[in-house]
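Chemist: Sharing a structure with you now.
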Amino acid sequence: MLKELQLSLWVALLLVCGFLYQLTVKSSCFFCLPPSKSPQGLEALLGQGRSIVFLETSERMEPPPLVSCAVESAARIYPEHPVVFLMKGLSNFTQLPPNPTYSAFSLLSAIDNVFLFPLDMKRLFEDTPLFSWYTQVNASTERNWLYVSSDASRLAAIWKYGGIYMDTDVISIRPIPEENFLAAQASKFSSNGVFGFLAHHPFLWGCMENFVEHYNSDIWGHQGPDLMTRMLRVWCKLGDFQEVSDLRCLNVSFLHPQRFYPIPFSEWRRYYEVWETDPSFNDSYALHLWNYMNREGRAVVRGSNTLVENLYRKHCPRTYRDLIQGPEGSMTGELGPPNE
């Protein structure tokens, strides 16, 4: 009788433990990652030097479709690499409200090689020239703080850990074969929307020093593409591009504008137009969609047959399936499973 009672108690205990486990798994923790993702911390993950890094320096918690597409497309093009999305509004204790408004966050969290972490700028800037600047600057009085803080964060992240940084309006279409590179926006002018380096590369250390020494947040781009261009001109003697070929100086590649900017910023609306035949972008690794220029709020519309809609369908099918709406603000039909 005693043995039967003990056995019953053990069974009850196991049932209670199983119930508590299921309750924990189904909790609404916003930052909880699937068990396969949770063992590695941010520094261990980035320390592999192979990450694709995205940043969100606003407090925004739900990525819009273009951001979701950028992250998803990178995860598809680099399936063996961690795709790390650092979000300022996220913390280890943020709770996901019980409503469906965080569909993009849930979509990205479900992708195996996408990792969402808080962006802790103070910790990121430690042991870099940016730390003294950050601890003294008054962010509330800075005119372009969202952009300036992003410019600084991307430099520190790639200098510390290595990897590739991408803006959240960059759609990846094929792997970048370079290790140490900058992306030309135009002849003799560098962008900072995409770049990649091995950890502790001296070019990025020089960029951080120049960032602090010549800091001026009132001029848009002064700490970003203008900074990269200033430093590149010191590092290299820049020439003009010949056909679709890249330039190399010391151990840095300066990639032709066709690699990321086949449609220049002055023609950004062409992404939202219908093309008779969609371009192949055979010379491109990724496409920058110039979201900063999109003051008109142009969106991707399902069924519009615009270039950008077709890019979404091909390169970020989950985002297209789950987040892109028709002209009346509703889904215009279910798609089949994404071609992954």
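The values are calculated or read from the model by the stated rules, or taken from the named source; none is laboratory data. Keep in mind it's a predicted model, so treat the numbers as computed, not measured. We place every Cβ from the backbone using ideal geometry, glycine too, and count neighbours over all the protein chains shown. Just the protein is used for accessible areas: all its heavy atoms, side chains included, with ligands, DNA and RNA removed. Shrake-Rupley method; radii C 1.70, N 1.55, O 1.52, S 1.80 Å.
Chemist: Given the options Asp127, Asp151, name the one that is at pLDDT 95 or above, of a type in the set (Asp, Glu) and on the phi > 0 side of the Ramachandran plot.
Modeler: Criteria check complete, one pass: Asp127.
Chemist: Being surrounded by fewer than 23 Cβ atoms within 10 Å (Cβ to Cβ) and either within 15 Å of the chain's Cα centre (by Cα) or assigned to a loop (DSSP other than H, G, I, E, B) (or both) is the filter here, so list the residues in region 168-189 that pass it.
Modeler: Scanning region 168-189 gives Thr168, Asp169, Ile173, Arg174, Pro175, Ile176, Pro177, Glu178, Glu179, Asn180, Ser187, Lys188.
Chemist: Could we say that Val244 is open to solvent by 40 Å² or more (accessible area, probe 1.4 Å) and β-branched (Val, Ile, Thr) here?
Modeler: In short, yes.
Chemist: Could you grab the pairs with beta carbons closer than 6 Å, sequence gap of 6+ or different chains, first residue in region 205-227 and open to solvent by less than 40 Å² (accessible area, probe 1.4 Å), second one small (Gly, Ala, Ser)?
Modeler: Close Cβ pairs satisfying both conditions: Pro225/Ser191.
Chemist: Filter region 119-154 down to the residues that are of a type in the set (Lys, Arg), farther than 18 Å from Ser91 by Cβ and in a helix (DSSP H, G or I) and list them by number.
Modeler: If the condition is that a residue be of a type in the set (Lys, Arg), farther than 18 Å from Ser91 by Cβ and in a helix (DSSP H, G or I), then Arg154 is the only one that fits.
Chemist: Kindly indicate whether any position in region 248-266 is part of a loop (DSSP other than H, G, I, E, B), at pLDDT below 95 and hydrophobic (A, V, I, L, M, F, W, C).
Modeler: For region 248-266, residues part of a loop (DSSP other than H, G, I, E, B), at pLDDT below 95 and hydrophobic (A, V, I, L, M, F, W, C): present.
Chemist: In region 314-324, is there at least one residue being free of Cβ contacts under 8 Å to residues at least 40 places away in the same chain and among the β-branched types (Val, Ile, Thr)?
Modeler: No, region 314-324 contains no residue that is free of Cβ contacts under 8 Å to residues at least 40 places away in the same chain and among the β-branched types (Val, Ile, Thr).
Chemist: Look at region 190-200 and say how many of its residues are open to solvent by 10 Å² or more (accessible area, probe 1.4 Å) and either in a helix (DSSP H, G or I) or closer than 18 Å to Gly49 by Cβ (or both).
Modeler: Total satisfying the criteria: 3.
Chemist: Within the set of pairs 6+ apart or on separate chains, which have a first residue in region 139-150 that is touching a residue at least 40 places away in the same chain (Cβ under 8 Å), a second that is loosely packed, with under 12 Cβ neighbours inside 10 Å, and C-beta atoms under 8 Å apart?
Modeler: Going by the 8 Å Cβ cut-off, the qualifying pairs are Arg143/Asp218; Asn144/Asp218.
Chemist: I've got another one for you. When residues of region 49-62 are filtered for being open to solvent by 10 Å² or more (accessible area, probe 1.4 Å), outside any strand (DSSP E or B) and touching a helix residue (DSSP H, G or I) at 6+ places or on another chain (Cβ under 8 Å), how many remain?
Modeler: Number satisfying all stated conditions: 5.
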